[in-house]
Every structure is written in structure tokens, then in C-alpha cells.
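The values are calculated or read from the model by the stated rules, or taken from the named source; none is laboratory data. Computed from a prediction, not measured in an experiment: that's the story for all the values here. When we count neighbours, we look across all protein chains shown, and the Cβ atoms used for this are built from the backbone with ideal geometry, even at glycine.
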Amino acid sequence: MVRLKGITWDHPRGYEPLRALAKIWKEKTGTEVTWDVRTLKDFGDCPIEKLINDYDFILIDHPYMGEAAFNELLVPVDNFLDKSFMNFQESQSVGPSFNSYEYDGHWWALPIDAAAQVAAYRKDITDFLDWKKPMNLMELHEAAYQLPAVYKIGVPLCPTDIWCVFLSLCAQYSGEKVFNELGVDVETGGWALEQIRSWEVFLHSASFKMNPIQMLEHMSATDEIVYIPFTFGYTNYARKNLGKKRIHFCDVPMYDQTKKSSILGGAGLAISSKTKELRESLSFMQFILSGDIQKTIYYQNGGQPAHLDAWLDKENNEDCSDFFSDTIFTMEHAYVRPRIKGFNRFQESAADLIHSTVQENVPANSIMGKLNELYKCYCV
């Protein structure tokens, strides 16, 4: 029996569809695929060098592509998959997901899960209050002040996610021109930092401690948080069978409709360069990324598919409160983070820096200077 091993992240969206498909694949082919999990932070930060010897499959974030290519950590799958299959994946890309896993002319992973930072709200409460969601950043403060004191706006701003919100704001302000040869554009970054600082007066008190999963769990379990302007979307909290208070999702409030919406997230399925079972790994990859699987079994088992057909599917949207149709504009205008060598290590340090200084009275220019020193250290 051929045995394959993969690692994903520790949330039902990350592991339930993969384990369900592994069971079907074993019945179909006899090949066994097992899946381990790691924390959401490790998904974004843990070097994949530590994983390639132990796993055939790694679910990965797109900023790792430069590091993976430079150090030959992953298989360039476009060298082994039929062009027709690659063309199909490109045609099914939700926003820039497909091309986000390209680096130096090769694809080092393929999107299996599509996401971006979107907005979330408790429709039952907003309807009761007749509270209107802010359509742009300028309306965010006014909307917060119109809420009764028992209700709050929240933003997941733990270190990893304050970095993501910071980059989303940067992309809204300057489009693709967030980074230059010296790092983050100083004017753009300073503006983004001041935006986050201005929210502190109305944010839920736990915002700077929470990641998206923790905040969405809290939003669903209590009536404290009414609206989140920036969080990675999870269809799981919008589904009919949730068992808690259902959350609705929509496009993020924007600063400039002509520029970017928020940063791209999601997950790519990568194959370790150390695998001893390349042919079988490629076969399982193609099975997971087939059109019928993405639209049905992958979604039905808690996954957030990467295929456009799955996002446009009427039954899927009915099941998850129109999550897909209500956030697709944000996806289509998402900002792709740099994929250069060293960027994954830079963003981990940058996240800690911003998280530790944005709540203090440190001048934005000083923060930006330190941020770009880190960029020089890791990426130049």
C-alpha cells in the first residue's frame, strides 16, 4: 500500500474536507493519505524547511513561494501536470489565487482554498437595530458611534493579523505600490498605522489579542461583536447547520474603489521536493482539484473551495448565506503579498513590531523606519 502524509491547519475548514477526500481516495485507489494539523500561526509563520522531510503534502501560504523556489523545497507542479489541467485551474481562479503561487515562471503550489480579508456582521442584530454597515473607511467611525454601548465593532489584531490588516489598508491607499526597493512605502505605511490607531476608541477590548477564528467564534457565541471590517472569511460561520448565531459576510469597506480591496489569503496545496511518491501525490492533487470535487464534496465537508464554479454555485451560496456572492468583489480585487525570498521571515518580525508599537505613542515615521530596517535585513 502507498502511504502519503500531509499537513494542514487546525480548523475544520483546513482538515475536514481533506480527510473526507482521503477516505474516498483510499476506497478508489488503495492509497492511504493521512493529515496532521498545525496552528494557524504556524501555517503563516513556520518555515517549511522543517516540514518537507516528514510530509508529502503541505498546505502553504503564497508568500513562501520565493523561499520555496530559491531553496528547492517544493515540486514545481507545472513541470509534471498536463497543460490542459493547469489551464483549467487558471480558468477557475477566484481573483488572483492561481497566479499567487507562481514564482520565477513555475507554480510551486495550486490553490485549494480561496480567501481574502472580508467584512463580517451579525445580520440578526444589525436588522434589529436598523444599523447600516459602513460602505467605506470614512463611514467606519460614524457607524461605530451609532451602535448602542452594549455592541462593539471588532477587528482581529493579534500580531499575525494586525500585519494583515496593515497591508490591506496599505493596498487600499496605494494599490500595487505598497512595497518599493526599500520596503513599505513610508507615506502609505504611516497612513495605515494611523488608521488602525484611530479605531482603538471604539474597538472591542479583546481585538488586539484575537485571530480571525477566535473573533468569529466569539461573535457567533455572544452578542458583543456586531461588525468586523477586516477578517479572513470562513464560510463555516455562515452555514445553515452552524448551531450558533450565524454570521454573514460582505465586501470590506474601502478607501478608494479604484485600488485594491484587502490582502489575499487562502491556501495552496504543495508537494514536498523530498517526496518518494511523486506520481501518487500528483494524482491525489488532481483528484482534489477536479471541478466536481471542489464544488461538492470539498465544500460539503467544511472546505472553502478555490474554484470559481464552486463560488458561483447557487446551492453553495444558499447554504452559507451568500458568503461567496457577497464577497467575490473583494476577492477579485485582492492584493497579493510579495513572494520574494525571505518575505515570510520578514513578515513574522514585522507583525511583532507593529503589534507592540501601534498601541503606544510611537511616531509612525519611527515605526516605518524600524519596519524597513527589517525588510533590508530579510529581503534585500
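On the basis of being modelled with pLDDT under 95 and hydrophobic (A, V, I, L, M, F, W, C), does Leu242 make the cut?
yes
Yes/no per residue for (1) closer than 30 Å to Leu4 by Cβ; (2) surrounded by fewer than 19 Cβ atoms within 10 Å (Cβ to Cβ); (3) among the small types (Gly, Ala, Ser); (4) touching a Ser or Thr at 6+ places or on another chain (Cβ under 6 Å):
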{"residue": "Ile225", "(1), (2), (3), (4)": "no, no, no, no"}
{"residue": "Ala238", "(1), (2), (3), (4)": "no, no, yes, yes"}
{"residue": "Asp251", "(1), (2), (3), (4)": "no, no, no, yes"}
{"residue": "Ala270", "(1), (2), (3), (4)": "yes, no, yes, no"}
{"residue": "Glu277", "(1), (2), (3), (4)": "yes, yes, no, no"}
{"residue": "Leu282", "(1), (2), (3), (4)": "yes, yes, no, no"}
{"residue": "Gly291", "(1), (2), (3), (4)": "yes, yes, yes, no"}
{"residue": "Gln300", "(1), (2), (3), (4)": "yes, yes, no, no"}
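Answer with yes or no whether Ile58 is in a strand (DSSP E or B) and assigned by TED's automatic domain parsing to the domain that holds Lys276.
Values: in a strand (DSSP E or B): yes; assigned by TED's automatic domain parsing to the domain that holds Lys276: yes.
Against the criterion (in a strand (DSSP E or B) and assigned by TED's automatic domain parsing to the domain that holds Lys276), Ile58 qualifies.
Here's a check for you: in the range 338-380, which residue that is touching a strand residue (DSSP E or B) at 6+ places or on another chain (Cβ under 8 Å) and assigned to a loop (DSSP other than H, G, I, E, B) is farthest from Leu193 (Cα to Cα)?
Among those residues, the one meeting the criterion is Arg339.
Out of all the residues in the range 131-189, which are surrounded by fewer than 17 Cβ atoms within 10 Å (Cβ to Cβ) and within 12 Å of Tyr335 (Cβ to Cβ)?
Gly175, Glu176, Lys177
Going through the range 100-122 one residue at a time, which ones are farther than 27 Å from Ala238 by Cβ and either under 20 Å from the mean Cα position of the chain (by Cα) or buried (at least 22 other Cβ atoms within 10 Å of the Cβ) (or both)?
Step one: list which residues in the range 100-122 are farther than 27 Å from Ala238 by Cβ, which gives 102-108.
Passing the criteria: Glu102, Tyr103, Trp107, Trp108.
Which residue out of Ile297, Ile271 is touching a Leu at 6+ places or on another chain (Cβ under 7 Å), in the same structural domain as Asp61 (by TED's automatic domain parsing) and under 22 Å from Ile48 (Cα atoms)?
Ile271
Looking for something assigned to a loop (DSSP other than H, G, I, E, B) and among the hydroxyl-bearing types (Ser, Thr, Tyr) - is there at least one such residue anywhere in the range 235-245?
no
Kindly indicate whether any position in the range 5-14 is within 22 Å of the chain's Cα centre (by Cα), crowded, with 21+ Cβ neighbours inside 10 Å and free of Cβ contacts under 8 Å to residues at least 60 places away in the same chain.
Among the residues of the range 5-14, at least one is within 22 Å of the chain's Cα centre (by Cα), crowded, with 21+ Cβ neighbours inside 10 Å and free of Cβ contacts under 8 Å to residues at least 60 places away in the same chain, which makes the answer yes.
Look through Phe324, Phe346 and report the one residue that is assigned by TED's automatic domain parsing to the domain that holds Leu193, in contact (Cβ under 8 Å) with a residue 24 or more places away in the chain and within 21 Å of Phe232 (Cβ to Cβ).
None of the other options fit; the residue is Phe346.
I'd like to verify a number: residues in the range 349-363 that are among the charged types (D, E, K, R) and touching a residue at least 40 places away in the same chain (Cβ under 8 Å), how many? Talk me through it step by step, then tell me what you get.
Of the residues in the range 349-363, the ones among the charged types (D, E, K, R) are 352, 360.
Checking the rest, the ones that are also touching a residue at least 40 places away in the same chain (Cβ under 8 Å) come to 352.
Number of matching residues: 1.
Looking only at residues in the range 203-215 that are touching a Leu at 6+ places or on another chain (Cβ under 8 Å) and assigned to a loop (DSSP other than H, G, I, E, B), which one is surrounded by the fewest Cβ atoms within 10 Å (Cβ to Cβ)?
Looking at residues that are touching a Leu at 6+ places or on another chain (Cβ under 8 Å) and assigned to a loop (DSSP other than H, G, I, E, B), I get Asn211.
Checking Asn53 against (1) modelled with pLDDT of 95 or more; (2) within 17 Å of the chain's Cα centre (by Cα); (3) of a type outside the set (Gly, Ala, Ser): exactly one of these is not met. Which one?
All conditions are met except number (2).
Looking at the range 9-53, which of its residues are over 23 Å from Phe70 (Cα atoms) and polar (S, T, N, Q)?
Thr29, Thr31, Thr34, Thr39
Please count how many residues of the range 107-155 are part of a strand (DSSP E or B) and in contact with a strand residue (DSSP E or B) (Cβ under 8 Å, 6 or more places away or on another chain).
Filtering the range 107-155 for residues part of a strand (DSSP E or B) gives 107, 110-113, 116-121, 136, 152-153.
Okay, now just the ones that are also in contact with a strand residue (DSSP E or B) (Cβ under 8 Å, 6 or more places away or on another chain), so 110-113, 116-121, 136, 152-153.
Qualifying residue count for the region: 13.
Please go through the range 171-186 and give me each residue that is more than 16 Å from Tyr375 (Cα to Cα) and not hydroxyl-bearing (Ser, Thr, Tyr), ordered by number.
At the first step, the residues of the range 171-186 found to be more than 16 Å from Tyr375 (Cα to Cα) are 171-176.
Listed by number, the residues that qualify are Ala171, Gln172, Gly175, Glu176.
Anything in the range 206-231 that is touching a strand residue (DSSP E or B) at 6+ places or on another chain (Cβ under 8 Å) and not β-branched (Val, Ile, Thr)? List them, or say none. It would help to see each step written out before you state the result.
Step one: list which residues in the range 206-231 are touching a strand residue (DSSP E or B) at 6+ places or on another chain (Cβ under 8 Å), which gives 212, 215-216, 218-219, 224-231.
Once the filter is applied, which keeps residues that are touching a strand residue (DSSP E or B) at 6+ places or on another chain (Cβ under 8 Å) and not β-branched (Val, Ile, Thr), the range 206-231 yields Pro212, Met215, Leu216, His218, Met219, Glu224, Tyr227, Pro229, Phe230.
Just to confirm my filter: which helices (runs of 4 or more DSSP H) fall fully inside the range 248-337 and include at least 1 residues that are of a type in the set (Ser, Thr, Tyr)?
278-288, 323-332
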